[in-house]
1. Using the beta-carbon distance between ASN312 and GLU359 and R0 = 51 Å, what value does 1/(1 + (r/R0)^6) give for FRET efficiency, to the nearest 0.05?
2. Label points 7 Å out from Cα along the Cβ direction at LYS286 and GLU129: separation in nm?
3. Highest mean first, how do 203-210, 155-162, 141-148, 256-263 rank when packing is the count of other Cβ atoms within 10 Å averaged over residues?
4. Just how large is the dipole of the chain about the Cα centre, in debye to the nearest 20, putting +1 at every Lys and Arg Cβ and -1 at every Asp and Glu Cβ?
5. Reported to two decimal places, what Rg/Rh ratio describes the stretch 176-317 when computed on Cα atoms with Rh from the Kirkwood expression?
6. Note the full-extension length gain between GLN152 and ARG102 as 0.36 nm times their separation in residues minus their Cα-Cα distance, in nm to one decimal.
7. Using Cα-Cα distances under 8 Å and only pairs 6 or more residues apart, what relative contact order does the stretch 176-317 have, in percent?
8. In the chain, what percentage of the DSSP-assigned beta bridges are antiparallel, given to the nearest 5?
Amino acid sequence: MADYLPLPETHRVLQLTSIVEPLQLKTAPTPQSGPGSVVARVLAASVLSYSGDIYNGQRQYPFPQPFVPGASAIGRIVTLGPDATTLIPGQLVFLDCTIRGRDNPTGAMILSGIIEGFTEASRKLMHGEWRDSTYAEYTKFPLENCIPLDEQRLLGPVNAGGLGYCVEDLLHISRLLVPYGGLDDIELKPGETIVIAPATGPFGSAAVRVALAMGAGRVVAMGRNETALHRLCALDSRIFTVQITGNEQAETEALKRHGPIDVFFDISPPMAVDSTHLKSVIAVLKHGGRISLMGGVRGDLSFPYAAFMQRNLSMKGTFMFSREQILSFVKLIQSGLLPLGEKGGLSVGGKFGLEKWEEAFEEARVAGTGEVVAIVP
Ligand SMILES: NC(=O)c1ccc[n+]([C@@H]2O[C@H](COP(=O)([O-])OP(=O)(O)OC[C@H]3O[C@@H](n4cnc5c(N)ncnc54)[C@H](OP(=O)(O)O)[C@@H]3O)[C@@H](O)[C@H]2O)c1
C-alpha cells in the first residue's frame with residue numbers, strides 16, 4: 001500500500017486529441033478524489049479487440065476530445081472521498097467502466113474511456129466530471145464503480161487456498177461480465193439449452209464460458225469460422241456447434257438436431273447486420289423461448305412477427321450490466337465456478353506500457369478469443 005502513497009502531483013496519461021491524430025503520451029495533473037469518488041492506481045486496463053477502430057473513428061463512437069481513453073481496469077485504491085463507508089486505501093478493486101448518472105441511472109450512462117452514450121444527460125457525464133479514463137497511471141472513478149476483490153483468494157497461491165491468478169488474468173472479468181448481464185436478465189437456468197451467436201468473437205466466446213458456469217445443459221455455439229468453432233468445442237463436452245453458412249434453412253435444420261432451444265443469446269457485431277443466424281435461431285426457439293440481444297448492430301432488422309406471437313417468444317436488449325450483477329458475478333469468479341487462467345482456457349495475450357499503445361491495440365485485434373490484452377501504466 002505504501003508504494004502508492006502519497007499521490008504524485010503529476011502522472012503519465014495517454015491522450016486522444018482528435019480521431020485523425022495518434023494518441024499521445026502526456027504528463028497531466030494527478031486527479032484528486034472528492035465526495036463520491038476514489039483515485040486508484042491503475043494496475044492493468046483492458047483493451048478491446050476493436051479499440052483501434054474506436055479511437056481512429058471507424059466505429060463512430062462519440063466521445064469528448066481531448067480525453068484520456070481507457071476501459072474497465074484492475075486498480076488499487078489510493079485516496080477516497082469522505083463519504084466512502086467500506087472501501088479503504090490499498091484495496092484491490094475492479095474499476096467498472098459503466099458510469100451512470102446518480103440522479104438518473106437509466107437515462108445517463110457512459111462507458112468510461114469508450115463512448116459518451118446516446119443522450120444529452122450521458123454526454124454531460126463524459127464531458128464533465130468523468131471525462132478521463134484508465135489509460136493513465138491514476139484514475140478518478142465513482143465510489144460505486146469500485147468493486148472490491150478478494151485479493152487473497154484471487155491472487156493467493158493455490159497451496160494456500162488461493163486461485164493463483166495474476167492481476168492481468170482478472171481483466172477477463174470485464175469481458176465475461178458483458179454476456180453475464182444479458183444471460184442474467186433473461187434468467188438462463190441450469191440445464192437449459194442455449195444458442196450463442198456469433199460465438200467465435202471475444203464477447204461471444206465469453207458468453208459460452210459464462211453460460212456453462214451458470215449451468216447451461218447444452219450450449220450450441222454458432223459462427224462462420226469452423227476452426228474457431230472446433231476450438232470452442234474442446235472446452236467442454238456440453239458445447240456443440242452449428243456453422244453460420246448464409247443458408248437459413250440449412251442452419252435451422254442443423255439447430256433442430258439439438259432439441260428444444262430455450263434461450264438465444266445474440267452478440268452480433270455491426271458487420272453481421274445481414275447474417276442469417278438471427279432468423280434461423282428464432283425459427284427453432286421453443287414455445288416461451290427467450291432472446292437476449294447484446295450485439296452492436298446499428299441498422300434495423302426485420303423479424304418474424306407471427307413466430308413471436310404464436311410461440312410467446314420474448315426478446316430483451318441489454319447494454320452492459322448492473323452493479324448488482326457485477327457483485328453476483330464476482331462471487332462466481334471467486335468461488336472458482338468460472339475459472340480464469342489455464343483451467344478456463346483463458347490467458348493474457350500481452351502486457352503493454354502506455355507508450356506501447358499501438359502494439360497493444362494491434363495485439364488485441366489479432367489475439368485469440370480467450371486472450372486479454374492489458375495496458376499496464
Ligand atoms: N451490449 C453490450 O453491452 C455490449 C458490450 C460489448 C460489446 N458489444 C458488442 O458485441 C459485439 C460482438 O463482440 P465480439 O468481441 O464477440 O466480436 P467482434 O470482434 O466485434 O466480431 C467478431 C465476431 O463477429 C462475427 N462476425 C463478423 N462478421 C460477421 C458477419 N458478417 N456475419 C456473421 N458473423 C460475423 C465473427 O464470426 P467469425 O469468427 O465466425 O467470422 C466473430 O464471432 C461487438 O461488436 C460490440 O458491438 C455489446
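Values in this text are rule-based calculations from the coordinates and carry no lab data. All values reported here derive from a predicted model rather than from experimental measurement. Note that each Cβ is placed from the backbone with ideal geometry, even for glycine, and that neighbours are counted across all protein chains shown.
1. Details: r = 50 Å, r/R0 = 0.99.
Here the calculated transfer efficiency is 0.50.
2. Calculated label separation equals 4.7 nm.
3. Working: 203-210: 26.0, 155-162: 11.4, 141-148: 19.8, 256-263: 16.6.
Descending packing order for the listed peptides: 203-210, 141-148, 256-263, 155-162.
4. Numbers: 33 positive and 38 negative charges, 140 e Å.
Dipole about the Cα centre, nearest 20: 680 debye.
5. 0.92
6. Working: separation 50, 0.36 × 50 = 18.00 nm, distance 3.17 nm.
Roughly 14.8 nm would be gained on extension.
7. 23 percent
8. On the way: 35 of 62 bridges.
So the antiparallel bridges amount to about 55 percent of the total.
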